[in-house]
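Okay, so here's the structure we're looking at.
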Amino acid sequence: MEKIIDIIDSIAHEKGLPPESAKEAFKAAIAQTARRVICEECDYDVEIDEKNKTYILRQKITVLEPGDPLLADEPEKYISLDEAKEIDPDAEVGDELTGEPINLEEYGRSAAAALYHEIEYHIQRFVEEQMFNKYKSMIGTIVSGPVTRVDNEQNTYIEIDEVRAVLPKRNRIKGESFRVGETIKGILRYVGIDKKFGIHLEISRTMPKFLEELLKQEVPEIQDGLVLIEKSARIPGERAKVALTALSPNVDPVGATVGVKGVRINAVSQELNGENIDCIEYSPIPEIFVARALSPAIINSVKIEDDVAHVTLPSDQKSKAIGRSGINIRLASMLTGYQIELNEIATTVAGATTEGATEEEKPANPDALKALFGE
């Protein structure tokens, strides 16, 4: 155990740990080893002697009132106040004193073996904690790596730096399939730690946040903060809507995001397995925002009542507002946060005005798909 500081510094360098973390791991290992080979119920104090590059191990002893039953039951852990004052005149009941230095080497090979395992265990815990904090700070950002395995349930495992992440089937865009060796991207959704398997990462390709981060990577104006993504909604693999606003009147948020001949938005769509992406300009006025969200339909008027948007539109625009399989109205509802009711206005036929039957679409609930694909 001579020159233990040099050994700790070497371990810290090898594992990529701060020297102080390695020292704390070593101190915890020494204390736990002492409990194993000396006294399981006792507490120990470990100090690092920087000058001599070694450690000092002492047992903690608690001061009790004279006559306390614990003095007879566990004499190795406690000391009476009278005896404590002979060591330290200022001692009081409840104080912790430390005994004489203990040399673990006197306890033979069993102590050395126990210490080796404890150091290995505590160093590994510190490494995992450091990695956990690293990836915890990366939640909501894009990560990428090669596919290492696809299991029978179609869960995809990806190597990200020094850990393995999983892309569950439920977080995969419909119609996607991956092969071993293929590099894929995803948004880091969850970071956990398992006692048996260590760090556990879960990524997703279906969250609206993934679309937003891809746009940030592809569009310099978004990356620089000139264009802001106010809101987004997706039905993964089919269609998405993104509400944008510009901080400068000289910047067209939709044009900048789409790019010349659609080159920027097409690059993002390709990453999302061909997902169609509608870009609209955000408005803080709810009525205008709802009307724009229902694009490409042309809307006559919007009236907001509580959480319901009553939309009036010509009959020939209704199918556009609803979209194939209702996808357009559902996305608009998710994007704006309002349930949307469509009402047809009167139509003109052969020069005469007739009352078109006013129909109300079943309200589109904006929370229905969010529950499936995340916020």
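Take the residues of segment 207-241 that are within 25 Å of Arg172 (Cα to Cα) and without any contact (Cβ under 8 Å) to a residue 24 or more places away in the chain: which is least open to solvent (accessible area, probe 1.4 Å)?
Quick first cut of segment 207-241, residues within 25 Å of Arg172 (Cα to Cα) only: 207-219, 229-241.
Then drop every residue that is not without any contact (Cβ under 8 Å) to a residue 24 or more places away in the chain, which leaves 216, 229.
Working: Lys216: 80, Ile229: 40 Å².
Here the answer is Ile229.
Looking only at residues that are closer than 18 Å to Val147 by Cβ and in a helix (DSSP H, G or I) in segment 169-216, which one is nearest to the chain's Cα centre (by Cα)?
Looking at the filtered set, the residue picked out is Phe210.
Look through Ala332, Ala293 and report the one residue that is under 34 Å from the mean Cα position of the chain (by Cα) and touching a residue at least 60 places away in the same chain (Cβ under 8 Å). I'd like the intermediate steps shown before the answer.
Numbers: Ala293 fails: touching a residue at least 60 places away in the same chain (Cβ under 8 Å).
None of the others qualify; the one that does is Ala332.
When you scan segment 259-375 for helices (runs of 4 or more DSSP H) that lie fully inside it, which ones turn up with 2 or more residues that are modelled with pLDDT of 90 or more and either touching a Ser or Thr at 6+ places or on another chain (Cβ under 9 Å) or open to solvent by 20 Å² or more (accessible area, probe 1.4 Å) (or both)? Before you say what the answer is, go through the steps one by one.
Working: elements: 263-271, 286-293, 318-322, 327-336, 367-373.
Correct list: 263-271, 286-293, 318-322, 327-336.
What number goes with the only condition from (1) part of a helix (DSSP H, G or I); (2) within 23 Å of Ile5 (Cα to Cα) that Asn133 does not pass?
Every condition holds for Asn133 apart from (2).
Return the residues of segment 29-51 that are touching a Lys or Arg at 6+ places or on another chain (Cβ under 9 Å) and part of a loop (DSSP other than H, G, I, E, B); say none if nothing qualifies.
Step one: filter segment 29-51 for residues touching a Lys or Arg at 6+ places or on another chain (Cβ under 9 Å), giving 39, 41-48.
Residues satisfying the conditions are Cys39, Glu41, Cys42.
What pairs come up if the first residue lies in segment 97-114 and is in a helix (DSSP H, G or I), the second is among the acidic types (Asp, Glu), and their beta carbons are under 8 Å apart, counting only those six or more places apart or on different chains?
From residues that are in a helix (DSSP H, G or I), the pairs are Ala111/Glu105; Ala112/Glu105.
Would you point out which residue out of Glu20, Glu14, Glu40, Glu47 is among the charged types (D, E, K, R), over 26 Å from Leu97 (Cα atoms) and either within 37 Å of the chain's Cα centre (by Cα) or open to solvent by 20 Å² or more (accessible area, probe 1.4 Å) (or both)?
Values: Glu20 fails: over 26 Å from Leu97 (Cα atoms); Glu40 fails: over 26 Å from Leu97 (Cα atoms); Glu47 fails: over 26 Å from Leu97 (Cα atoms).
Being among the charged types (D, E, K, R), over 26 Å from Leu97 (Cα atoms) and either within 37 Å of the chain's Cα centre (by Cα) or open to solvent by 20 Å² or more (accessible area, probe 1.4 Å) (or both) holds for just one of Glu20, Glu14, Glu40, Glu47, which is Glu14.
The values are calculated or read from the model by the stated rules, or taken from the named source; none is laboratory data. These figures come from a predicted structure and were not determined experimentally. FYI the Cβ positions are ideal-geometry reconstructions off the backbone, even for glycines, and counts take in every protein chain you see. The protein model used for the area step is the full one, side chains on, heavy atoms only, and it has no ligands, DNA or RNA in it. Shrake-Rupley method; radii C 1.70, N 1.55, O 1.52, S 1.80 Å.
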